[in-house]
Amino acid sequence: MIRSTAAQMADALAKGETTSVELTQAHLDRIAAVDGQVKAFLHVDSQGALAQAKNVDARRAKGEKLSPIAGIPLALKDVLAQKGVPTTAGSKILQGWLPPYDSTVVSKLKAAGVVIMGKTNMDEFAMGSSTENSGYGPTFNPWDLTRTPGGSSGGSAAAVSAFEAPLAIGSDTGGSIRQPAALTGIVGVRPTYGAVSRFGLIAYSSSLDQAGPFGRTVLDTALLHEVMAGHDVKDATSINAPVPAVVAAAKSGNVKGMKIGVIKQLQGEGYQKGVQTRFDESLQVLASLGAEIVEVDCPSFEYALAAYYLIAPSECSSNLARFDAMRYGLRTGDVDGASAEAVMSATRDAGFGREVKRRIILGTYALSSGYYDAYYGSAQKIRTLIIQDYAKAFTKADVLVSPTAPTTAYKIGEKVDDPMAMYLGDVATIPVNLAGICGMSLPAGLADEDNLPVGFQIMAPAMQDQRLYQVGAALEAALLTKWGAPILSKAPELKGAK
């Protein structure tokens, strides 16, 4: 049962062929068997999950009308507050913190009867592309335990890829859902900025952060998307508009007559041969289904990476100022009448990891007097040019596409001492965040040179998220027919797995 899709599990629950308690226990058993190798979870809430499952089963037995994914287990990225459950954002500075409230995403999941099994590992405060920056050690890619699952939502992606959970939640500030989805062979979606509430999402970069769904199929991801999205008065940036019909789009999967734009700047040189090959093949598949493939030019994209690494650190230097040893989590150095400033300094030094300190310093410098216009101001101008590039491109195509990441999963430790090499892994995903639009990654096959998953990225205009699912479902169905079995069936079996 754990290898079924979430939609199949939901169908089995509705027909009375299984119960949520049985489904949840099966996944908890899987976590116990394999998570010692994968290390996807920071905290497993077995007791809480089984209590939630029991409650859903009772409501179903009474004949209550339930959401389509009621009773389905889920892994939650540790960046979202869940009342009474440890929430750390992957940082030692929040170790032991128990939120007194639920984030809006968690409230929606609970209302829908989704069973939250625990909190997944992540790069500290979502700053990273490999989950190696977690204060609690790295997560490992189920396809090859010597490699990273990507990041920063690597724990959530690895949990879904390793069949520890059928669904998961991540957050995407510069590609942190789409890139790990690509590296672990699953589907990940960054909804339009403002489509999913950020209330209770621990902030890294407020103008870029967005929570979104992971699943093993396009339809599973759509089912979760529809549950977690929607307007929220607690989030001033929340969009007050109906949630796009993403489930209906995932069920239609028709691209006949659609125009699909290939971004000239996001392919070719710098992209691994096997990644480019699978991408080109996917374009041929879409063309064979009746889509028209056109090339679009986005000249400002070459500056996107530089702009992102000024804007995001600037916002993080402000957001992380709240971790001052006075209100949250860790507190050190409070001895012998030490001043508040000394305690604050000692706590931040002990609690923050190297990458977080690097970005705080970079952002503080960029915002400082005399440098604001030269760095932060210029980066915001680039952001406007990227938005304009997208606007022009969407006059020529319904969706835009590119490889999700330039390479397949790389070795643990390979790029940890070279931040620029690490940052380049996000070159194809960052423009989406800067423009506030939506994006999806789905598997395009395995690279010939290393037999590891390759991701295909689809981008659509703001609040046109249904287009992602329409194109993604069509490509997924055609590739599944070609492969004969889901791509995860080709992943090596983990030790201890049953």
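The values are calculated or read from the model by the stated rules, or taken from the named source; none is laboratory data. In this text, all values refer to a predicted model and were calculated from it rather than measured experimentally. FYI the Cβ positions are ideal-geometry reconstructions off the backbone, even for glycines, and counts take in every protein chain you see. Ligands, DNA and RNA are excluded from the accessible area calculation, which covers all protein heavy atoms including side chains. Shrake-Rupley method; radii C 1.70, N 1.55, O 1.52, S 1.80 Å.
Look at residue 71 and say whether it is within 21 Å of residue 201 (Cβ to Cβ) and in contact (Cβ under 8 Å) with a residue 12 or more places away in the chain.
The answer is no for residue 71.
Please find, within the range 94-125, the residue that is nearest to residue 348 (Cα to Cα) out of those that are open to solvent by less than 10 Å² (accessible area, probe 1.4 Å) and in a helix (DSSP H, G or I).
Only one residue tops the list, namely 94.
List the number of the failed condition for residue 328; all other conditions in (1) of a type in the set (Phe, Trp, Tyr); (2) under 26 Å from residue 441 (Cβ atoms); (3) open to solvent by 10 Å² or more (accessible area, probe 1.4 Å) hold.
Residue 328 satisfies all of (1) of a type in the set (Phe, Trp, Tyr); (2) under 26 Å from residue 441 (Cβ atoms); (3) open to solvent by 10 Å² or more (accessible area, probe 1.4 Å) except (2).
Answer yes or no: is there a residue in the range 127-134 that is touching a strand residue (DSSP E or B) at 6+ places or on another chain (Cβ under 6 Å) and at pLDDT 95 or above.
Within the range 127-134, not a single residue is touching a strand residue (DSSP E or B) at 6+ places or on another chain (Cβ under 6 Å) and at pLDDT 95 or above.
Looking only at the range 5-18, count every residue that is open to solvent by less than 50 Å² (accessible area, probe 1.4 Å) and either out of contact with any Lys or Arg (no Cβ under 9 Å at 6 or more places or on another chain) or farther than 22 Å from residue 221 by Cα (or both) and tell me the total.
5
Could you pull out the residue among 137, 150, 154 that is in contact (Cβ under 8 Å) with a residue 12 or more places away in the chain, among the small types (Gly, Ala, Ser), farther than 25 Å from residue 21 by Cβ and open to solvent by 10 Å² or more (accessible area, probe 1.4 Å)?
137
Determine whether residue 412 is of a type in the set (Val, Ile, Thr), open to solvent by 40 Å² or more (accessible area, probe 1.4 Å) and either touching a helix residue (DSSP H, G or I) at 6+ places or on another chain (Cβ under 9 Å) or more than 14 Å from residue 218 (Cβ to Cβ) (or both).
Taking the combined requirement at face value, the residue satisfies it.
If you take just the helices (runs of 4 or more DSSP H) that sit entirely in the range 165-253, which of them hold at least 2 residues that are open to solvent by less than 20 Å² (accessible area, probe 1.4 Å), touching a Ser or Thr at 6+ places or on another chain (Cβ under 8 Å) and not aliphatic (A, V, I, L, M)?
The helices (runs of 4 or more DSSP H) meeting that bar are 178-184.
Out of (1) touching a Lys or Arg at 6+ places or on another chain (Cβ under 8 Å); (2) under 20 Å from residue 153 (Cα atoms); (3) assigned to a loop (DSSP other than H, G, I, E, B), what's the single condition that is false for residue 132?
Checking residue 132 against (1) touching a Lys or Arg at 6+ places or on another chain (Cβ under 8 Å); (2) under 20 Å from residue 153 (Cα atoms); (3) assigned to a loop (DSSP other than H, G, I, E, B), the one that fails is (1).
So which residues in the range 19-50 are open to solvent by 60 Å² or more (accessible area, probe 1.4 Å) and more than 28 Å from residue 132 (Cα to Cα), if there are any at all?
22, 25, 47
Kindly indicate which of 295, 341 is surrounded by fewer than 20 Cβ atoms within 10 Å (Cβ to Cβ), within 30 Å of residue 260 (Cα to Cα) and out of contact with any Asp or Glu (no Cβ under 9 Å at 6 or more places or on another chain).
When all the criteria are applied, what remains is 295.
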